[in-house]
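The values are calculated or read from the model by the stated rules, or taken from the named source; none is laboratory data. From a predicted model like this one, the values you see are computed outputs, not experimental measurements. Heads up, the Cβs are rebuilt from the backbone with ideal geometry, glycines too, and the neighbour counts pull from every protein chain shown. Calculation scope for accessible area: heavy atoms of the full protein, side chains included, ligands and nucleic acids excluded. Shrake-Rupley method; radii C 1.70, N 1.55, O 1.52, S 1.80 Å.
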Amino acid sequence: METFVSNPKVKLREHSLTKFSGSGERLDCCEQCRRNDSRWSFLTVFSPEKVLLVYVFLMTRDEALQVFRETGALLEGHFVLRSGLHSRQFFQCALALEQMPVVERLGAALAEKLRPLGATTVVAPAMGGLVIGQEVARQLKSRFIFVEKEEGKLVLRRGFKIAPTEKILIVEDVVTKGGRVQETIDIVRANGGNIVGIAMIVDRSGGLVSFGIPTVSLIALNVETFAPDQLPPDLASTPATKPGSK
């Protein structure tokens, strides 16, 4: 039996299994489940009468971009990024993340990429990473904490603690040069944490930024950026705005 539920990206299928070890086990239970389309991931949900495999459709880059277009979060103009670079495009994640169904959908897509890493805590840099970081933690059933600015630099405060060797995921909204992610990495390592992965909704470097840690994104684009003293004529003649986090 196959049925679609209210979320069009989730499908339920009922199966009869010959054996299983307990609720929540991840299984590749039959030939029918070993699909050629690797964009489907599945989790098992058990009840006393039956087994349901919940297939979560992994979001493509084009689908994630469409979310930004539909929510008006992909802006065109002259922008100054957090990195200090200038750009014609700006991903205003705050607009994309206004609606909780969108937050849940983007968070689920990232969480499925990250689940095999086995992290116990998600750390996000404020402000940009807060909403998506907390949603990824909720999807993974992990603890969520954040770092925030104090006197111009990110710090761990509010009584948050990181245990030695604790498995940590760092989640950010948008990365261009990766400065805030690197600051967060330094804080986690200074507190003895073990960073197992990094995730972001948008990687504006197109994968060029490397942290030496497994990194995933929903959108990877090499968006053209310019130093303040090397602006092309169209940007030099247009006033710049700085819509991102301070």
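With respect to the cross-link table entries Lys113/Lys153; Lys113/Lys149; Lys149/Lys242; Lys167/Lys242; Lys113/Lys177; Lys149/Lys177, which display a Cα-Cα separation exceeding 24 Å?
Lys113/Lys153; Lys113/Lys149; Lys167/Lys242
Mind checking the per residue accessible area of region 168-246 for me, 1.4 Å probe, whole number of Å²?
Averaged over the residues of region 168-246, the accessible area is 46 Å².
So what's the net charge close to Gly197: Lys and Arg +1, Asp and Glu -1, counting the other residues with Cβ under 13 Å from its Cβ?
Residues close to Gly197 contribute a combined charge of +1.
Highest mean first, what order results for 90-97, 212-219, 71-78 on Cβ atoms within 10 Å?
Final packing ranking: 90-97, 212-219, 71-78.
Using only C-alpha positions, report the orientation-averaged shadow area of the convex hull of region 139-207, nm², one decimal.
Result: 5.2 nm².
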